[in-house]
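The values are calculated or read from the model by the stated rules, or taken from the named source; none is laboratory data. This one's a predicted model, so the numbers in the text were calculated from it and none came from an experiment. Counting neighbours? That spans all protein chains shown, and the Cβs are built from the backbone with ideal geometry, glycine included.
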Amino acid sequence: MVRYVARQFLLSLAVLIAVSIVGFVLLRASGDLAQRVAGAEAQAADVARIRLAYGLDKPLPVQYLEWAQRAVTGDLGRSLFFPENVSTLIAQRLPITLGLGALGLGAALLIGLPLGTLSALKPNGWFDRVVLTVAVLGQAMPPFWLGLLLIILFGLNLGWLPVSGSSGWQNLVLPTAVLAIATMPTIMRLTRSGMIDQLRADYVRTARAKGLKPVSVIVKHALRNALIPVVAIAAVQLGALVGGSVVLETVFGIQGLGYLAWESINRADYPVVQAVVLVLGGFYCLLTFVSDLLHAFLDPRLREQ
């Protein structure tokens, strides 16, 4: 178990370092950052001052190592446009994005688990086919397209809900629905396949032969074991929801980390973009590591490694 945990931790750390390097290099590969910050009509002297002030005149490996050393200590640099430093901006925006992702995942679990369980009771029946059709449609619809559709329907045509902002719970209904619809098919299909396998297992047949009630067999025996991969994948899904927040928060005007990234990209505020990539990548790696730990804790076969 200790070796398994150590191996997964080192793997997550390696992925995070790789993400930070790729993000750092790609941002500079898009052109001269100093020129983009100064503007197309800036004088050469002004561009040179910006390049010197932000260390952009140094070799790329030196720039990365200095930035990574500061990032480890919590110093993510200064924004070029916002009055706050980058660490403060991240601390202000990250809870909004995390809360939205948690709401979307919670709604997906509340809907996907029961539907997946019920559809597994009679595979290939009419209810199972309806559930699978819904799952396919949910996975086929791009979140940004679904978000625009819900805005037009419930915000503009019916006027039931606000279409942008994050000032109240009403503003979170539509983006939460989009996240839930995007995540629910994975939860639903994973629960369904796990339940079908467990209901065919020998221990379930034994439980039924002993005269246990069907509800007890399903909930206390089959569902408990079928949830092992679902619990593990839920953490990864939360990371995916948070990582994909840029488009959704932009569509709904939610002032979270994704919206901050979009603003910073448009303004060429590269210190903020670097920090957002690092934080989102780190959060995803952390949740992947937590998912591996949960899987190992719930599955005795992994604990023996």
Only unsatisfied item for Gly112, checking (1) in a helix (DSSP H, G or I); (2) of a type in the set (Gly, Ala, Ser); (3) over 18 Å from the mean Cα position of the chain (by Cα), is (3)
Name the residue, out of Phe283, Phe297, that is out of contact with any strand residue (DSSP E or B) (no Cβ under 8 Å at 6 or more places or on another chain), part of a helix (DSSP H, G or I) and more than 20 Å from Gln198 (Cβ to Cβ).
Phe283
Residue that is in contact (Cβ under 8 Å) with a residue 24 or more places away in the chain and part of a loop (DSSP other than H, G, I, E, B), where the choices are Ile254, Ile228, Ile196, Ile187
Ile254
Conditions first: (1) modelled with pLDDT of 80 or more; (2) closer than 30 Å to Leu161 by Cα; (3) not aromatic (Phe, Trp, Tyr). Thr288 passes all but one, so which condition is the exception?
(2)
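The rows are residues; the columns are (1) part of a helix (DSSP H, G or I); (2) within 22 Å of the chain's Cα centre (by Cα); (3) modelled with pLDDT under 80; (4) on the phi < 0 side of the Ramachandran plot.
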{"residue": "Phe9", "(1), (2), (3), (4)": "yes, yes, no, yes"}
{"residue": "Ser20", "(1), (2), (3), (4)": "yes, yes, no, yes"}
{"residue": "Phe24", "(1), (2), (3), (4)": "yes, yes, no, yes"}
{"residue": "Leu56", "(1), (2), (3), (4)": "no, no, yes, yes"}
{"residue": "Pro61", "(1), (2), (3), (4)": "yes, no, no, yes"}
{"residue": "Ala68", "(1), (2), (3), (4)": "yes, no, no, yes"}
{"residue": "Asp75", "(1), (2), (3), (4)": "no, no, no, yes"}
{"residue": "Pro83", "(1), (2), (3), (4)": "no, no, no, yes"}
Checking Gly159 against (1) surrounded by fewer than 17 Cβ atoms within 10 Å (Cβ to Cβ); (2) touching a residue at least 60 places away in the same chain (Cβ under 8 Å), the condition it does not meet:
(2)
Residue in segment 188-224 that is farthest from Ile111 (Cα to Cα), counting only those that are basic (Lys, Arg) and more than 29 Å from the chain's Cα centre (by Cα)
Lys210
Against the condition surrounded by fewer than 13 Cβ atoms within 10 Å (Cβ to Cβ) and in the same structural domain as Thr176 (by TED's automatic domain parsing), how does Val134 come out, does it pass?
no
What number of residues in segment 247-275 are of a type in the set (Val, Ile, Thr) and surrounded by fewer than 20 Cβ atoms within 10 Å (Cβ to Cβ)?
3
Quick one: is Gln69 among the polar types (S, T, N, Q) and under 23 Å from Ser245 (Cα atoms)?
no
